[in-house]
Amino acid sequence: MYVTGRLAALIGLGVVPVILLSLAAGGSDGGDSTGAGIPSGTVAWLAVAGWLLLCAIAAIADASASADPRAIRIERETPARARLGVPVRATITVAVTGPRRLRGLLRDGWEPTAGAEPSRQALDIPAGESRTLPVTFVPRRRGERRTAFVAVRSLGPLGLAGRQAVTSAPAALRVLPPFHASRHLPSRLARLRELDGSTSVQVRGQGTEFDSLREYVRGDDVRSIDWRATARARTTMLRTWRPERDRHVVIVIDTGRTSAARVGDGTRLDAAMESALLLAALADRAGDHVHLLMFDRVVRARVSGVRGSRLLPALVDAMAGVEPQLIDTDWDAALAQASRLTSHASLVVLLTALDAASASRTLLSRLPAVTARGRVLVGAVTDVLLEQNAAERDRSDDLWLAAAAERTLLDTRRLTDALTRLGADAILRGPDELPPQIADRYLALKAAGRL
């Protein structure tokens, strides 16, 4: 049972006049007692108690006359997946199975980060009928957002009180990464088509694949002349080349404690996911095999052996529930797991942080074994505020912040130089610039025939 503000207003409206009338009656009889010898103060309190008892009886009767909130049936139509920050619609159907009309309020028990609106909805359903209520989700956090119940308040005819019950109605909504970096995909695909020969641009380089034959044109590289084809065709024929296909791209995302740092509007892990999705979409269109590993000390997510239209859904579904872990990443185990994904020479893309030498010591020691098998690209998300903090030295308080920022930038430069000496490429950019920069470096490797 619950009571409403209307009951409180009723009590207030009745108590004040009762007290005033009792005091007035006591004053007209001499001020100390009534005609029956009862003190006026006692009369006032008895009147108040009587009014309160009357209000309580009215509230109990009103609640008893309300519909049973347990006599309902709940049905949901909730989408299985939604993208972070993108509105999706759902419905909840309430059917009254009891003999009375249900008037009241419904509250759905979704987590606040699910962004379910409205959170409370009015109900007015005749007996034996049902109503479908719309719900809009604007998720504010990745992962599995759940609800386990629906709370229904049934209001009495007088609106003084009612009954409340909680009905089990479980549901789940899987919130996927937003993939804002997809806006960079069309321009990179156009460049990929140029490399692939769709716009009549052919490349030649070490490690590229034969594509077709065409007639020699003045200015072409004579080293590409196919003499056998020339003898058959009785005109000079030239070989054209295209970037190699069926290469392997292994993307390793660090989910350790450094990935929890805030950069921009999200975390480093969010920016790493954006970079991985853009690179995976581009590499799949280029005909390469894409493997994903998210790791700290155990495997948090793994995608391998998926191609074509099923790749991106598999990636975002695997990434959805992964959160940063406040532990140091075991790079020995991470790189060992990555090597098990493919036995072929591959491009290994490591998405991590490069601002603490202590956290990167194991990575640097293991990196030569990885660079010996293929190319290594390290992408790191940097805080764009560091350079601003390092430059601001107007006040004495700013000097301490500038010194800390300079120290972080110095460590980052040292780690970058160490990676370069070990044979890896390093890209350090802000969260918005890192995904397109990694995609551009992949295309540059393709164009140079180094992948």
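Some points to look at:
- Checking GLY115 against (1) on the phi > 0 side of the Ramachandran plot; (2) touching a helix residue (DSSP H, G or I) at 6+ places or on another chain (Cβ under 9 Å), the condition it does not meet: (2)
- Residue match in region 290-306 (condition: buried (at least 23 other Cβ atoms within 10 Å of the Cβ) and not in a strand (DSSP E or B)): yes
- Scanning region 314-331 for residues being without any contact (Cβ under 8 Å) to a residue 60 or more places away in the chain and in contact with a Leu (Cβ under 8 Å, 6 or more places away or on another chain) gives a total of 3.
- Boolean, LEU409 is closer than 27 Å to ALA334 by Cβ and modelled with pLDDT under 85: yes
- Looking only at region 399-451, and only at residues there that are within 17 Å of ARG191 (Cβ to Cβ) and of a type in the set (A, V, I, L, M), the one that is surrounded by the most Cβ atoms within 10 Å (Cβ to Cβ): ILE438
- Pick from region 165-175, criterion open to solvent by 80 Å² or more (accessible area, probe 1.4 Å) and over 26 Å from ARG6 (Cα atoms), ranking: farthest from the chain's Cα centre (by Cα): SER168
- Which listed residue, of ARG183, ARG191, ARG142, is open to solvent by 60 Å² or more (accessible area, probe 1.4 Å), touching a helix residue (DSSP H, G or I) at 6+ places or on another chain (Cβ under 7 Å), basic (Lys, Arg) and under 30 Å from SER275 (Cβ atoms): ARG191
- A Cβ distance below 7 Å, combined with a sequence gap of six or more or placement on separate chains, defines the contacts here; from region 149-164, residues that are buried (at least 23 other Cβ atoms within 10 Å of the Cβ) reach residues that are aromatic (Phe, Trp, Tyr) in the pairs ALA161/TYR2; GLY162/TYR2.
- Region 397-451: number of residues that are touching a helix residue (DSSP H, G or I) at 6+ places or on another chain (Cβ under 7 Å) and among the acidic types (Asp, Glu): 3
- Number of positions in region 197-220 that are at pLDDT 80 or above and either among the β-branched types (Val, Ile, Thr) or surrounded by 10 or more Cβ atoms within 10 Å (Cβ to Cβ) (or both): 6
- Note on region 353-382: among residues that are in a loop (DSSP other than H, G, I, E, B) and under 31 Å from the mean Cα position of the chain (by Cα), the one that is modelled with the highest pLDDT is ALA353.
- Being of a type in the set (Lys, Arg) and closer than 17 Å to THR258 by Cα holds for only one residue in ARG429, ARG373, ARG395, and it is ARG429.
- Inter-residue pairs, beta-carbon under 7 Å, first closer than 15 Å to PHE149 by Cα and open to solvent by 60 Å² or more (accessible area, probe 1.4 Å) and in region 64-78, second part of a loop (DSSP other than H, G, I, E, B) and of a type outside the set (Gly, Ala, Ser), 6+ apart: ARG73/THR97
- Positions within region 317-334 being surrounded by fewer than 22 Cβ atoms within 10 Å (Cβ to Cβ) and either among the aromatic types (Phe, Trp, Tyr) or within 26 Å of the chain's Cα centre (by Cα) (or both), in sequence order: ASP317, ALA318, ALA320, GLY321, VAL322, GLU323, PRO324, GLN325, LEU326, ILE327, ASP328, ASP330
- Selection count where residues are assigned to a strand (DSSP E or B), open to solvent by less than 10 Å² (accessible area, probe 1.4 Å) and over 19 Å from VAL381 (Cβ atoms), scope region 251-289: 0
The values are calculated or read from the model by the stated rules, or taken from the named source; none is laboratory data. This one's a predicted model, so the numbers in the text were calculated from it and none came from an experiment. Virtual Cβ from ideal backbone geometry, glycine too; neighbours counted across all protein chains shown. Surface accessibility is based on the protein's heavy atoms, side chains included, excluding ligands, DNA and RNA. Shrake-Rupley method; radii C 1.70, N 1.55, O 1.52, S 1.80 Å.
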